[in-house]
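Structure, as structure tokens:
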Amino acid sequence: MGEKLLCLSNGHGEDAIAVRILQPLQQHSQAPELAALPLVGEGRAYQQLPEVPIVGPVKAMPSGGFVYMDGRELWRDVRGGLLGLTWAQWRVVRKWGKQGGKILAVGDIVPLLLAWLSGAPYCFVGTAKSEYYLRDEIGPLQRRSWFEKLESWSGCVYLPWERALMRSKRCQAVFPRDGLTTERLQEMGIRAYNLGNPMMDGLQAKPVVPEGEQGRPLTILLLPGSRVPEAHRNWEQLLRAVDGVQRSQIDRPLTVLAAIAPGLDLDPFVRALDAYGWQATTKEVSGVNDDQAQRFSFNQGLLALSQNAFADCLRQADLAIALAGTATEQFVGLGKPAIAFPGEGPQYTAAFAEAQGRLLGQSLIRVAGPEQVAGIVQRLLQDPDWHQLIAENGRRRLGLPGAGERIAKDVLQLLFGVE
């Protein structure tokens, strides 16, 4: 049909969300010609779509994309060529707009601003911000410090200049990450649509096991994050937490699933397991379809270290001990509890955990450190009503699966007039 769509995304999680929208777009008989430009990192998620070309320069930056966390990280990126890279990417986007192409921006203000500057019609998928950071269904959250109060000064989690970009006549639609945010933007005159969160696509919870099945192992998921060396430091803390759970769970076998990001070297993780007494085993860990998973045992416990069965790990686990960003949200979206405590950063700090707690509500149970995890696990196992509240909260905040397909359908209709 001669139409073209460029997808801008800025981060690994955003790239993955973009892929979930582009996949159903591709399959439509009147699909436009698709291209992608990952603004942060190398855009490895787009490798799932080999027929969608990356049309501009990409480069892995020293910060790994966490420039907002720390001014020093931003300075490292600037020294690493950030300004030159951004200028080159901007020229690609501007040329795309001049040639009559259209844009799908996925992420935060950076792809949104580039979409606006392109002069082209665009849609925006807002992945980074949620009204849940400021309020819940009952009303505004209690904020203590002057900085916390400053966050809500404009009456919305999206700031006035962000809302101005969304109100542009060329912005055909905004797809926020949850219903609460959609309602607030609609109140402010923005064409926002609540179609769900694509990060939940392809994930479905396993059936709930009937109560009274005492012999079933308790299955705990460990999420150490995806950034080195932070993930290695987090892993040590997670193993301390598991050690405490094992000591308190004398009457029930324990299965531990560790979802390690693809591309990370497993050797440091294995060495830490050895230090905590875990020994390599050939015993099967049920429900994890990963032939390359490394398996370990300790007392009654089994542990699987997997880099290729992320969705299986999320589905099988009863609860998570999580020091991660997007992966924690996905787990909570399945209606399950996650326990967290501050790591050393640069991502999973006390401030990050506090903000994530506002985003996820009671589904994220924050404790001071790994020593407090066992007590929370015991409480969760003894309180089915708490479990039910957590399940309802998580599904409400993250939405139902299938959002990628719903957004793709609206993008086709609003940008290209295709029903």
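Compute the normalised compactness of the range 305-372: alpha-carbon radius of gyration over 2.2 N^0.38 Å, N being the residue count.
1.07
What do you get for the angle between helix 350-360 and the principal long axis of the chain? Use alpha-carbon atoms, 0 to 90 degrees, nearest ten.
Approximately 80 degrees, to the nearest 10.
Determine, from the Cβ-Cβ distance of SER286 and LYS98 and an R0 of 51 Å, the FRET efficiency 1/(1 + (r/R0)^6), rounded to the nearest 0.05.
Working: r = 56 Å, r/R0 = 1.09.
For R0 = 51 Å, the calculated efficiency reads 0.35.
How many percent of Cα pairs in the range 186-343 exceed 23 Å?
Across the range 186-343, Cα pairs with separations above 23 Å total 37 percent.
With the dipole of the chain worked out from charges on the C-beta (+1 for Lys and Arg, -1 for Asp and Glu) around the Cα centre, which of THR281, HIS12, GLY399 lies farthest toward the positive end?
HIS12
In percent, what relative contact order does the chain have, based on Cα pairs under 8 Å that are 6 or more apart in sequence?
16
Go through LYS95/LYS129; LYS102/LYS149; LYS102/LYS336; LYS149/LYS409; LYS98/LYS409; LYS169/LYS409 and tell me which ones have a Cα-Cα distance over 27 Å in this structure.
Working: LYS95/LYS129 29 Å; LYS102/LYS149 38 Å; LYS102/LYS336 39 Å; LYS149/LYS409 38 Å; LYS98/LYS409 25 Å; LYS169/LYS409 20 Å.
In this structure, LYS95/LYS129; LYS102/LYS149; LYS102/LYS336; LYS149/LYS409 lie more than 27 Å apart at Cα.
How many percent of the accessible area of the range 109-172 is carbon or sulfur, using a 1.4 Å probe?
Values: 2080 of 3220 Å².
Reported share for carbon and sulfur atoms: 64 percent.
Using alpha-carbon positions, what is the distance between the centroids of the range 112-173 and the range 228-261, in Å?
Each part's Cα centre sits 36 Å from the other's.
Considering amide H positions built from the backbone, and no H for Pro or chain starts, which residues 5 or more places from ILE220, or on another chain, come under 5 Å of its amide H?
Correct list: THR255, VAL256, LEU257, ASP318.
How large is Rg/Rh for the range 94-191, to two decimals, with Cα atoms and a Kirkwood Rh?
1.03
What would the Debye formula give as log10 I(q)/I(0) at q = 0.12 Å⁻¹ for the alpha-carbon point model of the chain, no solvent?
Debye output, listed in q order: -1.01.
I need the peptides 252-258, 270-276 ranked by packing, meaning the mean over residues of other C-beta atoms within 10 angstrom, with the highest value on top. Kindly include the intermediate steps, with their values, before the conclusion.
Numbers: 252-258: 21.1, 270-276: 14.3.
Output ranking for 252-258, 270-276: 252-258, 270-276.
Rounded to the nearest Å, what's the spacing between the alpha carbon centres of the range 5-58 and the range 390-417? Just the number, please.
When both Cα centres are located, 17 Å separates them.
What does the highest-first list of 38-46, 25-33, 324-332, 162-170 look like by mean Cβ count within 10 Å? Can you show the working numbers first?
On the way: 38-46: 21.2, 25-33: 14.2, 324-332: 24.3, 162-170: 15.9.
Answer by packing, highest mean first, reads 324-332, 38-46, 162-170, 25-33.
The values are calculated or read from the model by the stated rules, or taken from the named source; none is laboratory data. All figures in this text were calculated on a predicted structure; none of them were measured in a lab. Ideal geometry is used to build each Cβ from the backbone, glycine not excepted, and the neighbour counts take in all protein chains shown. Ligands, DNA and RNA are excluded from the accessible area calculation, which covers all protein heavy atoms including side chains. Shrake-Rupley method; radii C 1.70, N 1.55, O 1.52, S 1.80 Å.
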